[in-house]
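Heads up: the structure comes next, in structure tokens.
The values are calculated or read from the model by the stated rules, or taken from the named source; none is laboratory data. In this text the structure is predicted, and so the values were computed from the model without any measurement. Here the Cβ positions follow ideal geometry from the backbone for every residue, glycine too, while neighbour counts run over all protein chains shown.
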Amino acid sequence: MSSVVDKFRKASASGVGLPGDKLIAHPYVTVGPTCTLNPPSAMTIDPTMKLALSEARNAATSAISSGRAARPIGAATGGKAIGFATDVTKRAEVEALIQAAVDGFGRVDVLLNNAGIMPIAPIEALKVDEWDRQIDVNIKGLLYGVAAALPHMQKQKSGHIINMASVFGIKMFAPGGTVYCATKAAVRALTEGLRMELHSQNIRCTMISPGAIATELSESSSDEATRKNLREFMKMAIPASAIARAIAYAIEQPVEVEVDEMVIRPTVQDF
């Protein structure tokens, strides 16, 4: 069997499969624009993979409001996968996603918290509703995923929590990104705190901090001047597959090895 990384070369960071009995439960959908690293349909699903993920992209917003039925993914390739429309700002929906994964596959080995929004704008614009949404999705959504998956990982005495942070959690981007940077700095703090609390229970924690990655994040601001600047910035963006490979690398390590942090950005990016 080829390596896990080989299997992920065409996969996306919006959900990746594992060989054997591994399962990734991936709370992902948010109401409104989200960071989407390729659609589930673009994933390479190995016949031995077991995958549960919540679906994203703007087209999924209608599914969120109209219903939340699961649909099979990757059946044609022989893989075992289920997908759900899930709003990570609603704890009950995240819990339902994780429970459905456990009911369907018996366990959760990896939780990938990838949901995120970046409606950045100068602080003086006072877009308070957007501040609230960033806190609800980028911080509380992550915590809801942890709250739903952790009891199962503790029961099985193993697990891996992967949180998507950002280079903007390391270096401040202002004016414009003050609130977004604060939420990603919170992800960094949360991930390290989780690591300190959970390593003795054989639960690994990893944070990945992407730089300029080819997603629709550059269009997520309601401020036109900001969108224009972001479009220019994103001209250096690298493919989302770079993040998928980083996720794969962290997961494929032996159980006694924990990859705590990775920063993935274009070579030409200066921060």
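A few remarks follow.
- Subset of the stretch 100-110 [more than 18 Å from the chain's Cα centre (by Cα) and outside any loop (DSSP other than H, G, I, E, B)]: Ala100, Val102, Asp103, Gly104, Phe105
- Note on the stretch 220-232: residues that are more than 23 Å from Ala185 (Cβ to Cβ) and surrounded by 15 or more Cβ atoms within 10 Å (Cβ to Cβ) amount to 1.
- Taken together, the residues in the stretch 186-212 that are out of contact with any helix residue (DSSP H, G or I) (no Cβ under 6 Å at 6 or more places or on another chain) and either at pLDDT below 95 or small (Gly, Ala, Ser) (or both) amount to 3.
- Residue check for Ile251: touching a residue at least 12 places away in the same chain (Cβ under 8 Å), of a type in the set (A, V, I, L, M) and in a strand (DSSP E or B): no
- Top-ranked residue in the stretch 241-262 [being over 15 Å from the mean Cα position of the chain (by Cα) and not acidic (Asp, Glu); ranked as farthest from Arg204 (Cα to Cα)]: Tyr249
- Qualifying residues in the stretch 165-186 (those that are in contact (Cβ under 8 Å) with a residue 60 or more places away in the chain, surrounded by fewer than 23 Cβ atoms within 10 Å (Cβ to Cβ) and not basic (Lys, Arg)) - the one nearest to Val102 (Cα to Cα): Val167
Yes/no matrix, rows are residues, columns are (1) touching a Gly at 6+ places or on another chain (Cβ under 9 Å); (2) crowded, with 19+ Cβ neighbours inside 10 Å:
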{"position": "Ile213", "(1), (2)": "no, yes"}
{"position": "Met234", "(1), (2)": "no, no"}
{"position": "Ile238", "(1), (2)": "yes, no"}
{"position": "Ala248", "(1), (2)": "no, yes"}
{"position": "Val255", "(1), (2)": "no, no"}
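- Among residues of the stretch 167-215 being part of a helix (DSSP H, G or I) and polar (S, T, N, Q), the one that is farthest from Tyr249 (Cα to Cα) is Thr178.
- Within the stretch 116-164, considering residues that are touching a Pro at 6+ places or on another chain (Cβ under 8 Å) and assigned to a loop (DSSP other than H, G, I, E, B), the one nearest to Gln99 (Cα to Cα): Ile117
- The C-beta contact set for the stretch 74-100 (first residue within 10 Å of Gly141 (Cβ to Cβ) and β-branched (Val, Ile, Thr), second residue assigned to a loop (DSSP other than H, G, I, E, B) and at pLDDT 70 or above, distance under 7 angstrom, 6+ apart or interchain) comprises Val88/Ala115; Val94/Thr86; Val94/Val88.
- Residue check: Asn138 meets all listed conditions (1) surrounded by 24 or more Cβ atoms within 10 Å (Cβ to Cβ); (2) in contact with a Leu (Cβ under 9 Å, 6 or more places away or on another chain) but one, namely (2).
- Exactly one residue out of Ser222, Ser218 is assigned to a loop (DSSP other than H, G, I, E, B) and either of a type in the set (S, T, N, Q) or touching a residue at least 24 places away in the same chain (Cβ under 8 Å) (or both): that is Ser222.
- Ala101 falls short on exactly one of the conditions (1) of a type in the set (A, V, I, L, M, F, W, C); (2) crowded, with 21+ Cβ neighbours inside 10 Å; (3) at pLDDT 90 or above, and that condition is (3).
- Taken over the stretch 231-245, the residue count meeting the criterion of being touching a residue at least 60 places away in the same chain (Cβ under 8 Å) and not hydroxyl-bearing (Ser, Thr, Tyr) is 4.
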